[in-house]
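Asker: Dumping the structure here so I can ask a few things about it.
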Amino acid sequence: MKVAIYNHTSLVSGAEISMLLTAKSLTKAHPVIFAPEGEVLERARKQGTAVLAIPSYRARMSKNPFRLMRDALGMALAGWRLSVLLKKQQVDVIHANSIRAGIIAALFAWHHRTPLVWHLRDMPPQGLIGILMKRLADTTSHAFIGISESVLSHFRHPRLEGRFHLIHNGVELQETDEGERRRHRQNIRAELGTPQDARVAVIIGQIAPWKRQEDAIRAAAELIGKGDDFYLWIVGEAKFRKENEEYLAGLKRMVEQLNIGNRVVFTGFRDDVLEICCAADLLLLCSDNEPFGRVVIEAMSQGTPVIGTRAGGVPEIIQHNESGLLYPVADTGKLAELMRAVLSDEKLRRRLGGNGQTRVKEEFTIARTAEKVEKVYARIARREGAAGRSFDRREELTK
């Protein structure tokens, strides 16, 4: 079975990392990544996944009618180009890697007539736009994969029932022995100007207001103000929107105003996330309504304890007081309390880290994710007829 995995942007974020890992791990389907030329395709080529470069269009939410019209035309042109290419390539399924990619792929479904899967990786818009999007999805799409029940719950509609599949993101399991962890700790701490014996928490992800890095800074200030030998690493870059760049500038001003500039390190983008997790004592996720929280399972896979918000898809990963800790969004006092508890209690750190590592091995491996995705492809292929011949027809399908 030939599957076109369509990504509407060339930029790499968590959605693209998950897409690339899934494509690499498919064993029954032959994936080809359709995306604009850039970093996504460069990474795909390096891992040995087939690619096809195609121009696209990045629309943004706006209340400006002229901007909306321009974006609609841009997406329509991208959709037509995609439809023409799909017919030429004769793919069996198109797997759209985001809501925007799903809309673009759906616009000319009547033309390419290729079974369409939407991968829902973000909280969908509500209101009129959400209603129109669901109507388009109803008439064009065969299946919807949600990375969390929280995401699916925002997209559910009676007309779409029977097409939903909950498939959490997964990670490649990479065993890191104690010697490697010590080397990562020593080298990265030296690079970031952090003492080897200090306690370190790290927050990793796109710099954006909804990620709420400000809460990690306020909690850090509380710990430092009480005399804790504590450092905070903020890993990530501001991209996609100007407001994210402004937010990053505001975070840096906040650090200076709180007089903790010597204890907070802005690292920018890093591609050594697992090593960073090994070098830190604790990972924080402070997001408001995080769709899933990929970095949480990455940290847990290395035995690093995690604290996350009790919102969005995060509680589907973290079992409170078993495989990590949860706190209410924006409650920086509670966050600081939990941080101090974990950082001051080695026994607790080891218990949470060990349980988290076990949970990832049992529930969040990329092999498990890829297997479930291929079952969705198989289900569509069987419904479409002969396209399903490359799969074992005796296999029991599960959502």
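Asker: I'd like the full set of residues that are part of a loop (DSSP other than H, G, I, E, B) and surrounded by 19 or more Cβ atoms within 10 Å (Cβ to Cβ), limited to the range 161-180. Please lay out each step first, then the result.
Answerer: So the first thing to find is which residues in the range 161-180 are part of a loop (DSSP other than H, G, I, E, B), and the list is 161-163, 167-170, 172-177.
Once the filter is applied, which keeps residues that are part of a loop (DSSP other than H, G, I, E, B) and surrounded by 19 or more Cβ atoms within 10 Å (Cβ to Cβ), the range 161-180 yields R163, I167, H168, N169, G170.
Asker: I'd like to verify a number: residues in the range 265-286 that are surrounded by 24 or more Cβ atoms within 10 Å (Cβ to Cβ) and within 17 Å of the chain's Cα centre (by Cα), how many?
Answerer: Count: 5.
Asker: Please find, within the range 30-64, the residue that is modelled with the lowest pLDDT out of those that are over 21 Å from S83 (Cβ atoms) and of a type in the set (G, A, S). Please lay out each step first, then the result.
Answerer: Start the filter on the range 30-64 by keeping residues that are over 21 Å from S83 (Cβ atoms), which leaves 38-39, 42-49, 60-64.
Checking the rest, the ones that are also of a type in the set (G, A, S) come to 38, 44, 48, 62.
Values: G38: 95, A44: 97, G48: 96, S62: 62.
So, considering only residues that are over 21 Å from S83 (Cβ atoms) and of a type in the set (G, A, S), the one modelled with the lowest pLDDT is S62.
Asker: Separate question: So which of D215, D177, D197 is within 24 Å of K334 (Cα to Cα) and of a type outside the set (G, A, S)?
Answerer: Numbers: D177 fails: within 24 Å of K334 (Cα to Cα); D197 fails: within 24 Å of K334 (Cα to Cα).
It is D215.
Asker: Where in the range 210-313 are the helices (runs of 4 or more DSSP H), entirely inside, with at least 3 residues that are under 16 Å from R340 (Cα atoms) and in contact with a Phe, Trp or Tyr (Cβ under 8 Å, 6 or more places away or on another chain)?
Answerer: Details: elements: 213-225, 242-257, 273-279, 294-301.
The helices (runs of 4 or more DSSP H) meeting that bar are 213-225.
Asker: Of everything in the range 65-97, what is modelled with pLDDT of 95 or more and among the polar types (S, T, N, Q)? Give them in sequence order.
Answerer: S83, N97
Asker: Follow-up question, since we're still on this one. Can you name every residue in the range 151-167 that is over 23 Å from A381 (Cβ atoms) and at pLDDT 95 or above?
Answerer: V151
Asker: So, of the residues in the range 193-220 that are polar (S, T, N, Q) and in contact (Cβ under 8 Å) with a residue 40 or more places away in the chain, which turns out to be surrounded by the fewest Cβ atoms within 10 Å (Cβ to Cβ)?
Answerer: Going residue by residue through the range 193-220, those that are polar (S, T, N, Q) are 194, 196, 206, 213.
Filter once more, keeping what is in contact (Cβ under 8 Å) with a residue 40 or more places away in the chain: 194, 206, 213.
Numbers: T194: 20, Q206: 18, Q213: 28.
For the range 193-220, the residue satisfying everything is Q206.
Asker: I would also like to ask the following. Of the residues S25, S56, S18, S83, only one is polar (S, T, N, Q), surrounded by 19 or more Cβ atoms within 10 Å (Cβ to Cβ) and more than 23 Å from the chain's Cα centre (by Cα); which?
Answerer: On the way: S25 fails: more than 23 Å from the chain's Cα centre (by Cα); S56 fails: more than 23 Å from the chain's Cα centre (by Cα); S18 fails: more than 23 Å from the chain's Cα centre (by Cα).
Among S25, S56, S18, S83, only S83 is polar (S, T, N, Q), surrounded by 19 or more Cβ atoms within 10 Å (Cβ to Cβ) and more than 23 Å from the chain's Cα centre (by Cα).
Asker: Out of P125, P158, I need the residue that is of a type outside the set (F, W, Y) and either surrounded by fewer than 14 Cβ atoms within 10 Å (Cβ to Cβ) or touching a strand residue (DSSP E or B) at 6+ places or on another chain (Cβ under 8 Å) (or both). Which one? I'd like the intermediate steps shown before the answer.
Answerer: Numbers: P125 fails: either surrounded by fewer than 14 Cβ atoms within 10 Å (Cβ to Cβ) or touching a strand residue (DSSP E or B) at 6+ places or on another chain (Cβ under 8 Å) (or both).
Residue meeting the stated conditions: P158.
Asker: So, one more: Considering each of E149, E172 in turn, give the residue that is farther than 24 Å from G130 by Cα and acidic (D, E).
Answerer: On the way: E149 fails: farther than 24 Å from G130 by Cα.
Every option except E172 fails the conditions.
Asker: Let me ask something additional. Check whether at least one residue in the range 221-231 is of a type in the set (A, V, I, L, M, F, W, C), touching a residue at least 24 places away in the same chain (Cβ under 8 Å) and surrounded by fewer than 18 Cβ atoms within 10 Å (Cβ to Cβ), and report yes or no.
Answerer: The answer is no, given that none of the residues of the range 221-231 is of a type in the set (A, V, I, L, M, F, W, C), touching a residue at least 24 places away in the same chain (Cβ under 8 Å) and surrounded by fewer than 18 Cβ atoms within 10 Å (Cβ to Cβ).
Asker: How many residues, within the range 83-114, are of a type outside the set (A, V, I, L, M, F, W, C) and touching a residue at least 40 places away in the same chain (Cβ under 8 Å)?
Answerer: As a first pass, look at the range 83-114 and keep what is of a type outside the set (A, V, I, L, M, F, W, C): 83, 87-90, 92, 95, 97-98, 100, 102, 111-114.
Among the residues that remain, those that are also touching a residue at least 40 places away in the same chain (Cβ under 8 Å) are: 89-90, 92, 95, 97-98, 100, 114.
Residues flagged as of a type outside the set (A, V, I, L, M, F, W, C) and touching a residue at least 40 places away in the same chain (Cβ under 8 Å) within the range 83-114 amount to 8.
Asker: I would also like to ask the following. Restricting to the range 179-192, give me the number of residues that are among the hydrophobic types (A, V, I, L, M, F, W, C) and touching a residue at least 40 places away in the same chain (Cβ under 8 Å). Explain how you work it out, then say what you get.
Answerer: Our first condition is that a residue be among the hydrophobic types (A, V, I, L, M, F, W, C); within the range 179-192, this holds for 188, 190, 192.
Filter again for touching a residue at least 40 places away in the same chain (Cβ under 8 Å), leaving 188, 192.
Adding up the residues that qualify gives 2.
Asker: On to the next question. Quick check on my filter: what residues within the range 115-150 are acidic (D, E) and either touching an Asp or Glu at 6+ places or on another chain (Cβ under 8 Å) or modelled with pLDDT of 95 or more (or both)? Walk me through it before giving the result.
Answerer: Taking the range 115-150 and keeping what is acidic (D, E), we get 122, 138, 149.
Selection gives E149 alone.
Asker: Right, here's the next one. Here is a list: P36, P31. Which entry is surrounded by fewer than 20 Cβ atoms within 10 Å (Cβ to Cβ) and more than 17 Å from the chain's Cα centre (by Cα)? Steps first, please.
Answerer: On the way: P31 fails: surrounded by fewer than 20 Cβ atoms within 10 Å (Cβ to Cβ).
Answer to the selection: P36.
Asker: Tell me which residues, restricted to the range 312-321, are free of Cβ contacts under 8 Å to residues at least 60 places away in the same chain and more than 10 Å from R359 (Cα to Cα).
Answerer: First, pick out the residues of the range 312-321 that are free of Cβ contacts under 8 Å to residues at least 60 places away in the same chain: 314-315, 318-321.
Within the range 312-321, V314, P315, H320, N321 qualify.
Asker: Turning to a different aspect of this structure: Go through (1) within 26 Å of D331 (Cβ to Cβ); (2) not assigned by TED's automatic domain parsing to the domain that holds R382 one by one and return the number of the condition M123 breaks.
Answerer: (2)
Asker: Let me ask you something else. So, in the range 319-363, of the ones that are among the β-branched types (V, I, T) and assigned to a helix (DSSP H, G or I), which residue ends up farthest from the chain's Cα centre (by Cα)? Before you say what the answer is, go through the steps one by one.
Answerer: The first filter runs over the range 319-363 and keeps only residues among the β-branched types (V, I, T), leaving 329, 332, 342, 358, 360.
Okay, now just the ones that are also assigned to a helix (DSSP H, G or I), so 332, 342, 358, 360.
Working: T332: 24, V342: 25, T358: 21, V360: 15 Å.
Once the filter is applied, the top-ranked residue is V342.
The values are calculated or read from the model by the stated rules, or taken from the named source; none is laboratory data. Bear in mind that the values here come from a model prediction, so they are computed numbers and not experimental data. Neighbour counts are summed over all protein chains in view; Cβ atoms, including those assigned to glycine, are modelled from backbone coordinates with ideal geometry.
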